[in-house]
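The values are calculated or read from the model by the stated rules, or taken from the named source; none is laboratory data. All values reported here derive from a predicted model rather than from experimental measurement. Cβ placement follows ideal geometry from the backbone for every residue including glycine, while neighbour counts extend to all protein chains displayed. Just so you know, the surface numbers come from the protein's heavy atoms only, side chains and all, with ligands and any DNA or RNA stripped out. Shrake-Rupley method; radii C 1.70, N 1.55, O 1.52, S 1.80 Å.
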Amino acid sequence: MSGLRQQCLWEKVTTSQILNGALSSHIKADVCIIGGGITGLSAALHLLEAGKTVALLEAYEVGHGGSGRNVGLVNAGNWIPPDDVENTLGAQYGKRLNKVLGEAPSKVFSAIKKYNIDCQARNDGTLHMAHNASGLADLRSREEQWRRRGADVELLTGTRCEEYCGTDKITGALLDRRAGTINPMGYTKGLAKAVNDLGAQLFQHSPVNSLKKQADGWLVQTERGSVTTEKVIISTGAYTEGEWTKLQQNFFRGYYYQVASVPLEGAVADSILRHGQGSWDTRTVLSSIRRDDQGRLLLGSLGRADNKPDWFVRSWADRIQRHYFPKLGKVEWEVQWTGCIDFTPDHLMRLFEPAQGLIAVAGYNGRGNTTGTVIGQAMADYLLNDKPDDLPMPFSPMINLRSAGARSFFYEAGFSLYHAGQCLRVIL
């Protein structure tokens with residue numbers, strides 16, 4: 001049996017490279033963006049197209065964080081149902097955010113087409129799969145809520161559900177035709193290439209170690225260089241590091257791991273998600289399931305795999321695969337990787353404006369591909385037009401979520417115990 005490598009599949013299969021080096025001098029720009037993920041790159045594109053000069057600083061490499069390591073679902077909406085969004089934010093902003101994120105998949109696929117990005121893009125929808133009666137009831141409620149808002153969603157049951165999902169272990173699945181799947185690393189690097197082509201000053205391996213307000217703007221410093229700028233966007237999300245920002249006090253970190261098989265062939269493999277959707281189930285500690293364009297089966301769940309032995313990760317993947325797709329028989333698992341998610345207690349993101357000319361975002365709660373794309377544009381529009389009422393949601397005050405570290409620890413401990421129970425066939 002070959003070893004299960006710790007390597008992100010999306011990095012393995014993405015051929016385009018971003019070769020930009022580190023910042024090593026003092027430069028000037030209209031806007032400095034900290035964080036080279038989907039949000040920062042989307043903001044950069046819209047600022048550049050509006051004629052602004054942009055410096056973008058990435059601490060590692062483009063795609064290193066959640067933007068390149070996620071499942072690759074192009075989801076519509078928030079993690080929580082649309083009625084809950086409006087109850088939390090109020091009718092005005094709740095309706096606006098539901099509309100913006102409901103239309104977000106179309107923005108992603110439009111960007112892919114506009115910038116000619118090679119990222120395995122499929123606009124065939126997603127499937128939210130009910131694993132039991134309570135899960136089915138939740139999906140019926142979500143279907144009703146989204147249909148009331150004009151969304152193209154449909155709850156599949158019976159033979160149609162089994163046909164779409166490829167398993168008889170699911171009682172129903174909410175098909176969201178607005179959505180789809182991508183290779184997120186390919187998408188992120190494609191956005192970066194477009195940013196380069198438009199003339200941005202993009203620097204990798206350039207972590208920020210100081211952010212200082214000046215009379216005429218901001219000074220952003222790295223180890224070997226600095227940027228003088230009028231305005232700053234912080235879009236580092238769950239990968240925010242350093243004492244220079246309090247952004248990381250406004251969310252708690254969670255993790256998500258994935259396991260990918262070798263490419264699979266044959267009628268049984270072809271029956272799994274045969275219409276090209278990506279999926280996830282309604283378990284509290286959910287499992288995600290999708291295929292890539294080479295026929296691999298990708299399974300994922302909340303928690304970390306990078307700190308667990310191979311036998312544990314294999315046992316978990318075997319358990320999920322044999323439950324949902326027993327006819328596949330023995331599957332060879334090829335790679336596994338872990339990414340980080342910025343969670344908020346109410347599962348809604350936050351926009352911040354802690355000082356004039358400085359804006360930030362955090363708390364995508366695992367919905368970064370679509371949310372990052374549209375929020376990056378919204379942040380750029382705000383810096384261009386200074387109209388806060390046009391933002392998808394109001395700015396929030398910066399806080400200190402004192403329990404963030406404890407939440408992360410206990411969530412991870414709970415996920416690990418749950419997965420151990422799955423491996424031991426105590427629970428599923």
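Computed values, structure above
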| read-out | value |
| --- | --- |
| Selected residue (only one of Leu219, Leu211, Leu299 is in contact with a helix residue (DSSP H, G or I) (Cβ under 6 Å, 6 or more places away or on another chain) and in a strand (DSSP E or B)) | Leu299 |
| Residue count, the range 91-105 (criterion: closer than 20 Å to Glu143 by Cβ, part of a helix (DSSP H, G or I) and within 20 Å of the chain's Cα centre (by Cα)) | 7 |
| Ala59 vs. criteria more than 12 Å from Lys231 (Cβ to Cβ), in contact with a Pro (Cβ under 7 Å, 6 or more places away or on another chain) and not in a strand (DSSP E or B) | yes |
| Every pair of residues 6+ apart whose Cβ atoms lie under 9 Å, when the first sits in the range 118-139 and is part of a loop (DSSP other than H, G, I, E, B) while the second is among the charged types (D, E, K, R) and open to solvent by less than 10 Å² (accessible area, probe 1.4 Å) | His131/Asp281 |
| Asp168 in contact (Cβ under 8 Å) with a residue 40 or more places away in the chain, acidic (Asp, Glu) and in a loop (DSSP other than H, G, I, E, B) | no |
| Filter result for Glu154 (in a helix (DSSP H, G or I), among the charged types (D, E, K, R), open to solvent by 20 Å² or more (accessible area, probe 1.4 Å) and at pLDDT 95 or above) | no |
| Verdict on Ser67 being touching a Ser or Thr at 6+ places or on another chain (Cβ under 7 Å), in a helix (DSSP H, G or I) and closer than 19 Å to Leu358 by Cα | no |
| Residues that are buried (at least 17 other Cβ atoms within 10 Å of the Cβ) and among the hydrophobic types (A, V, I, L, M, F, W, C), drawn from the range 80-99 | Val85, Leu89, Leu97 |
| Those residues of the range 1-20 which are open to solvent by 40 Å² or more (accessible area, probe 1.4 Å) and either part of a strand (DSSP E or B) or over 22 Å from Asn116 (Cα atoms) (or both), in sequence order | Met1, Ser2, Gly3, Arg5, Gln6, Gln7 |
| Residues of the range 157-215 classified as open to solvent by 10 Å² or more (accessible area, probe 1.4 Å) and of a type in the set (Val, Ile, Thr), total | 5 |
| Odd one out for Gly295 among (1) surrounded by fewer than 23 Cβ atoms within 10 Å (Cβ to Cβ); (2) out of contact with any Leu (no Cβ under 7 Å at 6 or more places or on another chain) | (2) |
| In the range 246-282, the residues that are crowded, with 17+ Cβ neighbours inside 10 Å and either at positive phi or over 22 Å from the mean Cα position of the chain (by Cα) (or both) | Leu264, Ala269, Ile272, Leu273 |
| The range 5-21 residues that are under 17 Å from Asn196 (Cα atoms), paired with ones that are at pLDDT 95 or above and assigned to a loop (DSSP other than H, G, I, E, B) (beta carbon under 6 Å, 6 or more apart) | Ile18/Val62; Asn20/Gln204 |
| All positions within the range 343-366 that are under 16 Å from Arg407 (Cα atoms) and open to solvent by less than 10 Å² (accessible area, probe 1.4 Å) | Thr344, Gly363, Asn365 |
